[in-house]
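Read-outs throughout are calculated quantities, based only on the coordinates presented, and are distinct from any laboratory measurement. Note that this is a predicted model, so its numbers are computed, not measured. Note: ideal-geometry Cβ built from the backbone for every residue, glycine included; neighbour counts use all protein chains shown.
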Amino acid sequence: MAESHDRQIYLSILPSSPADKRAVLYAVIGSLLLFTAALPFVHVQFPLIPAFIASYQSSLAVVYMVTAVLLFSQFAVLRSSGILYLACGYLFTAIAVAVYALTYDDLFSNDGLFFPGPETTVWFYLAWHAGFPVFALLYALSDPEQRRYKSRRACNRAILWAVVGVCLVAVVLLLILTVGHPTLPILIIDARFSSIMVTFIALIFVACFLSIGILSRKKTLAVLDVWMMAILCAWMFDISLSAVLNSARFDFGYYAGRLYGLFAAGSILTILLTETATIQLRLSKLMRQQARDSENELQFYVQRARLFGAAVKSSNDAIITKSLNGTITGWNQAAERLFGFTEIEAIGQNINIIVPRDRQSEVRDTLRSIKEGVAVENHETVRLAKDGRIIDVSLSVSPVLSATGDTIGAAKVARDITDQKLNEEKLKLALDASPSGFVMIDDTGGIVLVNAETERLFGYAQSEILGQSIEIIVPIDLRAGHLSLRVPYEENPAARRAAAGIEGVGQKKNGEKFP
């Protein structure tokens, strides 16, 4: 999901809009018109300006190098092989442009640096103009959706090897074109291009046309794709004016071709810088929106906490929170009324201040269950008040979770059931005093209450019969019929008399039947 979002914010891989395609079309048409207008003047000679070469080549080298760095950083996020190829192309071109200037005669020395041969600079011109179309062709052939590099470490290794590889190629090329220059074929004979030179230039044009053709046949053209086509067109205009149609150095074609080269170099950098500014703008808007959302969320949680605190404070049930070691961390007013300890007295104390000694193992078992994420529901037990009274309570204990989902404590709701227990005891005494047997069952037919007369009639102790099905006191041959009468009654659990005045047969524990 995050990767998908990263890919949506980069202009270079976003699908190109009709406006993008129109802008590229206008750029190509404008370049073509300027190219056509320059043709009659390509042989017009201008004065030699060595400073132009130094400033032009250094500008190109900086632009290509900055573009390469931006593309490598973009590859680290997008992990697209095509972006890596293009970054290598810009890095190679930056090095070739710099070495071209260093070997240029009468610029840094009379014959140029690195002991160049008579045509070393010409060979570097070919390398400079041939390298970029080759990498552009690799970019065009690559699948933008293919993600060969699955991790950041793999991306970093790929960038390292790419930089090392390009630098090694540049060093080998420098050695071949300087030390090995005498073994190279001659490119210019009597001020005219040799067949070797013509072949090289033709291959450069073929690589440019192939790249443009492959890019144009893509189902979905990215912004970078359409601008790469414009750059390759400018690349061919550059070569045509500065190397094919002109007659000598420093004529009009020589200078005009360099302007096309500057356009080709700066286009992608402009896109990447625009992209960076766009991302920064989006990031700024996102941070402001997140700040507003955080403030609203904070207000929501503050209000929610206030309402929750009011609900806890006004609850009729005692609500207690404690840490996993049993230290009390929360104590509402109902807890004060029930146990007699004030909030100040209770918080920070161990929960055992309200637990009878014989029930403290029960607390440890409960905390063990809470640590395992298991809640305790409606557990009836006794607790100890500050004045020493024993209180019957019903407890529900739930885990308290942190933001990461870890259990950090327990929340306990304690309800005073002393009166309920007293009423139950009174009811039991009344039932035990009854001369008639009494049996109470739950909605599944399980026995939940019997009186003393029932124990005497059927011969079961209370501990034996509680929890058993009511059919245990029905003769075996009558159980099916009894069950068929009981089930429809249970399906409509409204309080009512199931039957009255019906004579039946019961079965004692020893199997004896009686009316």
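A P(r) calculated from all alpha carbon pairs of segment 19-71, with 10 Å bins opening at zero, reads 19, 21, 44, 16, 0 percent. Remark on the chain: ratio of C-alpha radius of gyration to 2.2 N^0.38 Å is 1.92.
Partner lysines whose Cα lies under 26 Å from the Cα of Lys21, excluding those fewer than 8 positions away in the same chain, are identified as Lys218, Lys219.
Overall shape of segment 320-416 was characterised from the C-alpha gyration tensor. The equivalent ellipsoid obtained from it has semi-axes of 21, 15, 11 Å, in decreasing order.
Which value results when the Cα radius of gyration for segment 144-283 is divided by 2.2 N^0.38 Å?
Numbers: Rg = 19.4 Å, N = 140, 2.2 N^0.38 = 14.4 Å.
Against the compact-globule rule of thumb, the ratio is 1.35.
Computed per residue of the chain from DSSP H runs no shorter than four, each worth -39500 (n - 2.57), the mean residue ellipticity at 222 nm is -19000 deg cm²/dmol. Each of Gly409, Ser80, Pro515 was scored by the projection of its Cα onto the charge dipole of the chain, and the greatest displacement toward the positive side belongs to Ser80; charges sit on the C-beta of Lys, Arg, Asp and Glu. Counting Lys and Arg as +1 and Asp and Glu as -1, what is the net charge of the other residues whose Cβ lies under 14 Å from the Cβ of Trp331? Local net charge: +2. Extending 7 Å from Cα along the Cβ direction at Asp358 and again at Ile188 yields two label points whose distance is 11.2 nm. Spatially, segment 26-50 and segment 373-424 are offset by 91 Å when compared through their Cα centroids. Stretched out straight at 0.36 nm per residue, the stretch from His43 to Ile476 would grow longer than its current Cα-Cα span by 143.7 nm.
In the chain, the longest principal axis of the Cα atoms and the axis of helix 50-78 are about 20 degrees apart. Projecting the Cα atoms of Gly437, Leu298, Phe92 onto the charge dipole of the chain, computed from C-beta unit charges around the Cα centre, puts Phe92 farthest toward the positive end.
Tally Lys/Arg at +1 and Asp/Glu at -1 over every other residue whose Cβ is under 10 Å from the Cβ of Leu384; what's the total?
Net charge around Leu384: +4.
Going from the residue with the fewest nearby Cβ atoms within 10 Å to the one with the most, Ser16, Ser434, Ser211 rank Ser434, Ser16, Ser211. Restriction of the trypsin sites (Lys or Arg not before Pro) in segment 176-269 to DSSP coil positions whose beta-carbon has at most 16 other beta-carbons within 10 angstrom yields Arg217, Lys218, Lys219, Arg249. Summing Cβ point charges (Lys, Arg +1; Asp, Glu -1) relative to the Cα centre of segment 320-416 gives a dipole of roughly 140 debye.
Our summary gives the chain a relative contact order of 11 percent, counting only alpha carbon pairs under 8 angstrom and 6 or more residues apart. In this structure the amide hydrogen of Gly409, modeled in the peptide plane, comes within under 5 Å of the amide hydrogens of Val400, none closer than 5 places in sequence on its chain. A simple charge model with +1 on the Cβ of Lys and Arg, -1 on the Cβ of Asp and Glu and nothing else charged puts the dipole of segment 128-176 at about 360 debye relative to its Cα centre. Run the reach check for Lys412 against lysines, Cα to Cα strictly under 25 Å, same-chain hits fewer than 8 apart removed. What comes back? Qualifying lysines at Cα under 25 Å: Lys313, Lys322, Lys371, Lys386, Lys421. The simple spin-label model puts a point 7 Å past each Cα toward its Cβ; for Arg153 and Asn296 those points are separated by 4.2 nm. Helix 152-178 and the longest principal axis of the Cα set of the chain meet at an angle near 10°.
Counting Lys and Arg as +1 and Asp and Glu as -1, each charge on the Cβ, what is the dipole of the chain about the Cα centre in debye, to the nearest 20?
Values: 46 positive and 46 negative charges, 126 e Å.
Dipole about the Cα centre, nearest 20: 600 debye.
Backbone amide hydrogens, once placed in the peptide plane, bring Val382 within less than 5 Å of Val393, excluding anything fewer than 5 places away on its chain.
Helix 195-216 and the longest principal axis of the Cα set of the chain meet at an angle near 30°.
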